[in-house]
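Asks: The following block contains the structure, expressed as structure tokens.
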Amino acid sequence: MGNVFKNGLIRSHGTVSSFWALFVLRVDRLLTPQRLRLYPLFFLVASALGVSFAVVIRIVAPAMQGALMPDYLAHWTGGRLLLMPGIGSLYDPEVQSALQSTSVGTDVPLSWFVSAPVVAVFYAPLALLPYNLSGLIWLLISSTLLVWCVLNLRTLAPGLMARKKSTVILSVLSSPVVFELLGGGQDSAFILAVWLVGIRLLARQHSLWAGAVFGLGFAKPQLVVVVPLIFLVSRNYRALASFVATCALLLGISVAVVGPGGFQQWLATLGSSLYMQEVQQGQAWKMVGLPSFAHALLPPEWGTWIAPGLTLLPLPVGATILIVHILKKRTTETTPVWIAALATIATFSPHLAVYDAILFVPVIVFLLERQASPVLRVCTVGAFGLLYATPALHLAAALLPWPLTILGAPWAALPLAVVWWQSIRYLGRTSSHSQSLVAGANSVEPSPT
């Protein structure tokens, strides 16, 4: 096993069991190029057929399966209520539920709009249309943006995309996060674009524009909350000022459209016991961050008093680890810093649903370009499989008593946490090869797709 450690398979502060190292090696040998094309292709075809069938059923018979793209229904509801009288009811669950049942044509489970008021402004034009038509248009918009993001991964990994472009694209599009994103009607592709464009602008030293682009992440603040801190630590005050100005503008728009009272209602909704119970606790199994994984391991009766701590504490801990490694880093590159920042937010976010795990894609692609290792490959494939298995594991554990309920925990959080640690470790390395790769990436123009 000496060669394992000599080759850098696993060097995590000393000792790692031989069993783990042997397991990684054996699994890695199974990851042949043929399998990495064949299995994703199978999942892509099967999932595409499943989603298409579900879309048809949800449009034709919503009483059977619920509304088309239930997450988009929440956003559409926010935009619709913004266009209607009685704006004070924007975050009222009963008002939202009544509107959704009327718009869909049958009683459907509530898709609760809890985003910032400015998000409702963004969706208001689409909310002018009947729901199903609006949903199909959003599906087209989101799909186009997602394809653009995948093609532009070459700015982070030009060599990998040149050699294995079809494999990378196939693997990403066949992943469960993509079908959760598109099938649910989420806006995670927009946040992914914010990070890709922001990192690219920073690499080109366009600080003001980068800060403004990252500021657009105000739409999902939990996914950009560490950004101003990294600007501050890296002494990029121009980007920080631009970020703050953009967030202030979006905050001002939010207050302008709903008033101070409506804005306070939004904040109260996020801190309410109903939100904690229905979202943070009730949907922990479909989250993939470490806080949600830890919560899923605990007895249910602990939820009411420990959930707030799991919501607030992990991200500051992860951010502290990140900052320490940034201050110790031995490279002048900016891209590794932001890849590690993205991985930190995704790993420790208190609210990272399966569809938001699309943010791990740039991290994995970047690391595979620069330090492809058996550990990284095995953890990537492991996360892929566990994310697909999560719904089945949740159903299997639903009627079991604790501690057997931990079977339904979001186990994909563990391999993804290893990916995060790989991004942190990369900060402490210098490599002329990686510097040349970044320089090459900056010279690649974005795809017009």
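Asks: So what are the ³J(HN,Hα) numbers for the range 401-410, from phi and the Karplus equation (6.51, -1.76, 1.60; θ = phi - 60°), rounded to whole Hz, Gly and Pro as x?
Replies: Whole-Hz 3J(HN,Hα) from phi for the range 401-410: x, 6, x, 5, 5, 5, 4, x, 5, x.
Asks: Which order do E94, E369 take when ranked by solvent-accessible area (1.4 Å probe, heavy atoms of all protein chains), largest first?
Replies: E94, E369
Asks: Could I ask something else about it? Going toward the positive end of the dipole of the chain, with +1 on Lys and Arg Cβ and -1 on Asp and Glu Cβ, which of C379, W402, L274 do you reach last?
Replies: Final value for the positive-end residue is C379.
Asks: Rounded to two decimal places and with Rh computed the Kirkwood way over Cα pairs, what is Rg over Rh for the range 176-240?
Replies: Reported Rg/Rh (Cα atoms, Kirkwood Rh): 1.05.
Asks: Related question: For the chain, build the charge dipole from Cβ charges (+1 Lys, Arg; -1 Asp, Glu) around the Cα centre, then report which of Y355, L342, A54 sits farthest towards its positive end.
Replies: L342
Asks: From zero up to wherever the largest Cα-Cα distance of the range 114-187 sits, split into 5 Å bins and tell me the percent of pairs in each.
Replies: Over the range 114-187, the share of Cα pairs per 5 Å bin runs 3, 14, 20, 19, 16, 11, 9, 6, 2, 0 percent.
Asks: Going by accessible area, probe 1.4 Å, with all protein chains left in place, what is the ranking of K286, K164, K328, largest first?
Replies: If we order K286, K164, K328 from most to least accessible, we get K328, K164, K286.
Asks: Shifting gears a bit: Of the options Q222, W411, L126, report the single residue whose Cα projects farthest towards the positive end of the charge dipole of the chain (beta-carbon charges: Lys, Arg +1; Asp, Glu -1).
Replies: Checked the options; the winner is W411.
Asks: R35: accessible area at probe 1.4 Å, nearest 10 Å²?
Replies: So the heavy atoms of R35 present about 100 Å² to solvent.
Asks: So, one more: What part of the accessible area of the chain, given as a whole %, is carbon or sulfur when the probe is 1.4 angstrom?
Replies: Exposed carbon and sulfur together represent 69 percent of the surface.
Asks: Still on this structure: Would you mind calculating the gained length between I141 and V317 on full extension (0.36 nm times residue separation, minus the Cα-Cα distance), in nm to one decimal?
Replies: Once the chain is fully extended between I141 and V317, it gains 59.7 nm.
Asks: Need the C-alpha centroid separation for the range 139-208 versus the range 291-356, integer Å.
Replies: Cα centroid of the range 139-208 versus Cα centroid of the range 291-356: 22 Å apart.
Asks: In a shell of Cβ-Cβ distance under 12 Å around P391, excluding P391 itself, what net charge do Lys and Arg (+1) and Asp and Glu (-1) give?
Replies: For residues surrounding P391, the net value is 0.
Asks: On to the next question. Hey, what do the phi angles of the range 313-329 turn into as Karplus ³J(HN,Hα) couplings, whole Hz, using 6.51/-1.76/1.60 and θ = phi - 60°, x for Gly and Pro?
Replies: So the Karplus estimates, Gly and Pro as x, are 8, x, 5, x, 5, x, 5, 5, 4, 4, 5, 4, 6, 5, 5, 9, 4 Hz.
Asks: Still on this structure, I have one more. Could you give each residue of the range 198-213 its phi-based ³J(HN,Hα) in whole Hz, using Karplus coefficients 6.51, -1.76, 1.60 with θ = phi - 60°, and x for Gly or Pro?
Replies: Once θ is set to phi - 60°, the couplings for the range 198-213 become x, 5, 5, 5, 5, 4, 8, 6, 9, 5, 4, 5, 4, x, 5, 5 Hz.
Asks: Can you return the lysines within cross-link range of K220? Criterion is Cα-Cα under 28 Å, with same-chain partners fewer than 8 residues away left out.
Replies: Once the sequence-local lysines are set aside, what remains near K220 is K286.
Asks: For K329, which aspartates and glutamates qualify as cross-link partners when the Cα separation must be under 20 Å and same-chain residues fewer than eight apart are set aside?
Replies: Partners within reach: E369.
Asks: Also: For the full complex of protein chains and a 1.4 angstrom probe, list T344, T106 by accessible area with the highest value first.
Replies: The ranking, largest first, comes out as T106, T344.
Asks: Mind checking the dipole of the chain: about its Cα centre, +1 per Lys or Arg Cβ, -1 per Asp or Glu Cβ, Debye to the nearest 20?
Replies: Around 1980 debye, computed over the chain.
Asks: If you don't mind, there's one more thing I want to ask. Mind checking the per residue accessible area of the range 123-251 for me, 1.4 Å probe, whole number of Å²?
Replies: 40
The values are calculated or read from the model by the stated rules, or taken from the named source; none is laboratory data. Given the structure is predicted, the values throughout are model-derived calculations rather than measurements. Every residue, glycine among them, receives a Cβ derived from its backbone with ideal geometry; neighbour counts consider all protein chains shown. We work out accessible area using only protein heavy atoms, side chains counted, and drop any ligands, DNA or RNA first. Shrake-Rupley method; radii C 1.70, N 1.55, O 1.52, S 1.80 Å.
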